[in-house]
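I have placed the structure first, in the form of structure tokens, so that the comments after it can refer back to it.
Bear in mind that the values in this text are calculations on the coordinates, not laboratory data. Owing to the predicted nature of the structure, the values given are computational and were not obtained by experimental measurement. Cβ: placed from backbone, ideal geometry, glycine included. Neighbour counts: every protein chain shown.
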Amino acid sequence: DTEVTQTPKHLVMGMTNKKSLKCEQHMGHRAMYWYKQKAKKPPELMFVYSYEKLSINESVPSRFSPECPNSSLLNLHLHALQPEDSALYLCASSQGDSSYSPLHFGNGTRLTVT
Amino acid sequence: GDSVTQMEGPVTLSEEAFLTINCTYTATGYPSLFWYVQYPGEGLQLLLKATKADDKGSNKGFEATYRKETTSFHLEKGSVQVSDSAVYFCALSPPSDYKLSFGAGTTVTVRA
């Protein structure tokens, strides 16, 4: 079982909807990440939170809005998405901001935008 | 910038065959190197890692050695099983950074 839990597993939303993806970890990790993965492609980094502060935004459109309420939780708020935003959204965490700390991934939320 | 190049897939093997997936990288300094595996319908799992030259990472029968002289981190397994069918990603993170650069991924299918 993965130690990073993501909900929901699947989400279908219309282009005018507002929804949120949730991620939780209880490993005491201080860095948390959102990745987007299209079919048969590697994950693409979207956001990084380090010690609950946003440290990296990879020029992601504002229709994606991350939030880190505390060190264990990470949310991704979605609004006015486009069909091309359909993908697997992966959350990950790591112990810190060192290159030696491997990422622990959740199983993802498979998002379909209609 | 930093980058990772993996051998193209898909790779199809019979059970008990030998598996090699080539991975080479371009980076300044001494990055950390990783292999992640993604089983169908799941997220990525760390398979093994190496943080300095000549380190050998190993897990579940898989091995990879950090070769600075050839900038390579090839993944090997001596006898694959059907349960090894997955997508394998080579990745690096630069020193003092935690941004992963992934290779394109290699899909491996093992047939009974």
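General remarks:
- Taking the Cα centre of the stretch B:1-69 as reference, the dipole from Cβ charges on Lys and Arg (+1) and Asp and Glu (-1) amounts to some 260 debye.
- Hull-based mean projected area of the stretch A:74-114, where the convex hull spans the alpha carbons, in square nanometres: 3.7
- Descending semi-axes in Å of chain B, equivalent ellipsoid built from Cα gyration tensor: 24, 14, 12
- Across chain A, C-alpha contacts under 8 Å between residues 6 or more apart give a mean separation that, scaled by the residue count, equals a relative contact order of 37 percent.
- DSSP-assigned coil residues among chymotrypsin sites (Phe, Trp or Tyr not before Pro) in the stretch A:12-114, each with at most 12 further Cβ atoms within 10 Å: A:Y51
- Within chain B, longest stretch free of exposed GluC sites (Glu not before Pro) [DSSP loop, at most 11 other beta carbons within 10 Å]: B:17-68
- The protein assembly as shown: translational diffusion in µm²/s, Stokes-Einstein, Kirkwood Rh over Cα pairs, 20 °C, 1.002 mPa s: 119
- Out-of-range pairs (alpha-carbon distance over 26 Å; input A:K9/B:K56; A:K41/B:K99; B:K49/B:K77; A:K40/B:K52; B:K49/B:K99; A:K38/B:K49): A:K9/B:K56; A:K40/B:K52
- Relative contact order of chain B, pairs being alpha-carbon contacts under 8 Å that are 6 or more residues apart, as %: 37
- At 0.692 mPa s and 37 °C, Stokes D of the stretch B:53-95 from Kirkwood alpha-carbon radius, µm² per second: 278
- Averaging 1/r over every pair of different alpha carbons in the stretch A:1-88 and inverting the result gives a Kirkwood radius of 13.7 Å.
- Lys/Arg +1, Asp/Glu -1 at C-beta; the protein assembly as shown dipole; positive extreme among A:W34, A:V12, A:N107: A:V12
- For trypsin sites (Lys or Arg not before Pro), the sites in the stretch A:14-62 that DSSP calls loop and that have at most 13 other Cβ atoms within 10 Å are A:K38, A:K40.
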